[in-house]
Ligand SMILES: Cc1cc2nc3c(=O)[nH]c(=O)nc-3n(C[C@H](O)[C@H](O)[C@H](O)COP(=O)(O)OP(=O)(O)OC[C@H]3O[C@@H](n4cnc5c(N)ncnc54)[C@H](O)[C@@H]3O)c2cc1C
């Protein structure tokens, strides 16, 4: 296997571990994996959820060095992140792996332009291509297909979907090397932040009940409350409910523009099952649905579908669940 | 003030299907449109123009002859003129190519104060083109933008960074990428689209941008080389009974699956 130098970076420690593990596999025994962290005025900005010592420990056996770029400013900015990545790639970096996060796309895009690299977004896996370069696997056209993207020019810059790290670090903390970023290329004045409180963890819920346009009025969503509590579920929804009608906050949106679930059970009520919605449901073990149209796409993409009026079926489901226990 | 909106001509992504028989994504003969989020960018630009009539608003689009109709739709939303860069198919898997062509096209036009685009294109979903364009133009990039205010050469934007709504201020020129939460785009009427006469849409060839299709600069930086169905195999059991019986049956199945 060819040896190369890989650069990995992420806004969270587990994503950084995931990127490093993949890079380690591709770099081979003689290759190098350099992890990039950014530190600013108020401490570490990337990964933001651990101290540098945690991060260096978490990379044991996965990366060779943790490069810490000081001077990144007040918050994680895409242009500063890109400056760090470009420096870390240097002359001989072969591949850059970054997990998706706010600012990550700007970081990846600027890095790719600066390094005359090739780039792919939404990557799920990466392989070496025969004859050089890399091939990234990603979901394409909203989830209609899985595609293979050839990344021909080097370095290859890959933006991965955010996810979980399943492995475990082993051995000693990786050595930390401090570097300093120059002044930002662009002046951006930070006026202020209004915190957004997230109350839902759809991605981690074990049962998700989602509502769609089969519900006629906002008040009708009350119908699902007893079902949600009987199942101990989290409430999700399709795009029209969150974005067009704004009946539920966007954090409850399932699909391409929203969350991807990993639930044991996903129950879709009055949702037609367009690919942009279903792409967020791929990770569910069992998919059930209630829809009054036996030809709706959801019927070909679910395990169990009650063909019927949700206004009648949902209360009966609550009864059936209650009488069972 | 001058604004350029980069809008993408795409096939309607909700119509794209996987063809099991030929093992391929079917893109032929599908309706085409302005990419979703670019409509939010156009709307935001038109709103700025409505509040400040001196705003001069251009739309730039890459595509073949078929994109002309889409470009007219974009102009009909309220732009002054449109520019079609005859660069062939705007490959969703090569966003760096799109950014390079757009940057060259923008270089040919009167210098903008503000370049706007959608956060992602609905076919590629990369979220790379706008930021790559900012890098090529050497200006700041703000995304995902959900609020905008222009004030004497500077721009105040609200960004949805997940954990917060962040307000930042930059001097123009800059590139902003608009999120769908920013607004509800207007739909131009058929009559408004018809009223966009030929003199409001100009064509630019790649040659005139000193880019030819095979130039090294446009060499593929990312290319789709294979695909397979993205569908997950499911059991597809239909339960067609009276509501109470159907509900009981579903609960029974779910119990057997061990998910209750
Ligand atoms: C770029 C892009 C990104 C997108 N991202 C997302 C995304 O992240 N998430 C998402 O969900 N969508 C997304 N969409 C939109 C997606 O294509 C669909 O339009 C959307 O999912 C449809 O929502 P729905 O199923 O609730 O509504 P509809 O498609 O209108 O379906 C409603 C369903 O309810 C059924 N129904 C009606 N009345 C009843 C009743 N009384 N009882 C039972 N069933 C009933 C109907 O038969 C129908 O199947 C995206 C689209 C684009 C272009």
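Remark: mean inter-chain Cβ contacts per residue of B:156-166 equal 5, using a 10 Å Cβ-Cβ cutoff to other protein chain atoms. Taking the inverse of the mean reciprocal distance over all distinct Cα pairs, the Kirkwood hydrodynamic radius of segment A:207-324 comes to 13.9 Å. Measuring nothing but alpha carbons in segment A:5-180 and taking Rh as the Kirkwood radius, the Rg to Rh ratio lands at 0.94.
222 nm [θ] for the protein assembly as shown, helices only, -39500 (n - 2.57) per DSSP H run of 4+, per residue, to 500?
Details: 13 runs with 140 residues, N = 585.
That comes out to -7000 deg cm²/dmol.
Within segment A:5-180, DSSP assigns beta bridges of which about 35% are antiparallel (rounded to the nearest 5). Peptide A:311-317 has a mean shielding of 5, counted as Cβ atoms of other protein chains within 10 Å of each residue's Cβ.
Beyond 27 Å, how much of the Cα-Cα pair distribution for chain B remains, as a whole percent? Walk me through the numbers before you get to the answer.
On the way: 14780 of 33670 pairs.
Summing the P(r) tail past 27 Å for chain B gives 44 percent.
The alpha carbon convex hull volume per residue for segment A:121-213 rounds to 308 Å³. Within the listed set B:118, B:130, B:222, the Gaussian network model of chain B (springs between alpha-carbon atoms below 10 Å) gives the highest mean-square fluctuation for B:222.
When B:239, A:271, A:298 are sorted by how many other C-beta atoms sit within 10 angstrom of their C-beta, beginning with the fewest, the order is B:239, A:298, A:271.
Sorting the segments A:309-316, A:226-233 by their residues' average number of neighbouring beta-carbon atoms within 10 angstrom, most packed first, yields A:309-316, A:226-233.
In what order do B:233, B:122, A:259, B:15 fall by count of nearby beta-carbon atoms within 10 Å, going from fewest to most? Could the numbers behind the result be given before it?
Details: B:233 8, B:122 26, A:259 21, B:15 13.
Going from sparsest to densest Cβ surroundings: B:233, B:15, A:259, B:122.
By how many degrees, 0 to 90 and rounded to 10, does the Cα axis of helix A:13-27 deviate from the longest principal axis of chain A? That works out to roughly 60 degrees. All C-alpha to C-alpha distances of segment B:85-194, sorted into 10 Å bins beginning at zero, yield P(r) values of 14, 39, 36, 11, 0 percent in whole numbers. Across segment A:207-324, Cα pairs under 8 Å and at least six residues apart give a relative contact order of 25 percent. DSSP finds beta bridges in segment A:1-67, and of those with both partners inside it, around 25 percent are antiparallel. For a label point 7 Å from the Cα of residue A:25 along Cα→C-beta, name the residues of segment A:147-176 whose backbone N is under 11 Å from it. Output list for this probe position: A:166-167. For a label point 7 angstrom out from the Cα of residue B:216 toward its Cβ, which stretches of segment A:106-144 have the backbone nitrogen within less than 13 Å? Residues A:116 fall inside that zone. Mind jotting down the distance between the C-alpha centroids of segment B:74-96 and segment A:88-167, whole Å? Cα centroid to Cα centroid, the span is 25 Å.
Translational diffusion coefficient of segment B:8-163 at 4 °C, 1.567 mPa s, Stokes-Einstein with Kirkwood Rh over Cα pairs, in µm²/s as a whole number.
On the way: Rh = 16.5 Å.
My calculation gives 78 µm²/s for D.
Most mobile of B:151, B:107, B:12 per a Gaussian network model of chain B (Cα springs, under 10 Å)? For chain B, modelled as a Gaussian network with Cα springs under 10 Å, the answer is B:151. Against chain B, whose longest principal axis is taken from its Cα atoms, helix B:243-257 shows a tilt of about 90°.
Return A:186, B:125 ranked ascending by Cβ neighbour count within 10 Å, so the fewest neighbours appear first.
On the way: A:186 17, B:125 24.
By the 10 Å Cβ count, ascending, the order reads A:186, B:125.
How many Cβ atoms of partner chains, on average, are near each residue of B:167-180 if near means within 10 Å of its Cβ? Don't skip to the end; give the middle numbers.
Values: counts 6, 8, 5, 4, 4, 0, 0, 2, 1, 0, 2, 0, 2, 5.
So the per-residue partner count for this stretch is 3.
Averaging 1/r over each pair of different alpha-carbon atoms in chain A and inverting the result gives 21.6 Å, the Kirkwood hydrodynamic radius. For the protein assembly as shown, how big is the tail of P(r) above 36 Å, as a whole percent of Cα pairs? In whole percent, the share of Cα-Cα pairs in the protein assembly as shown beyond 36 Å is 38. Under a Gaussian network description of chain A, with springs only between Cα atoms under 10 Å, the residue in A:160, A:134, A:215 that fluctuates furthest is A:215. Using only Cα atoms, tell me the angle between helix B:67-76 and the longest principal axis of chain B; keep it within 0 to 90° and round to the nearest 10. Compared with the principal axis, the helix lies near 70 degrees.
Values in this text are rule-based calculations from the coordinates and carry no lab data. If you're wondering where the values come from, they're calculated on a predicted model, not measured in any experiment. When we count neighbours, we look across all protein chains shown, and the Cβ atoms used for this are built from the backbone with ideal geometry, even at glycine.
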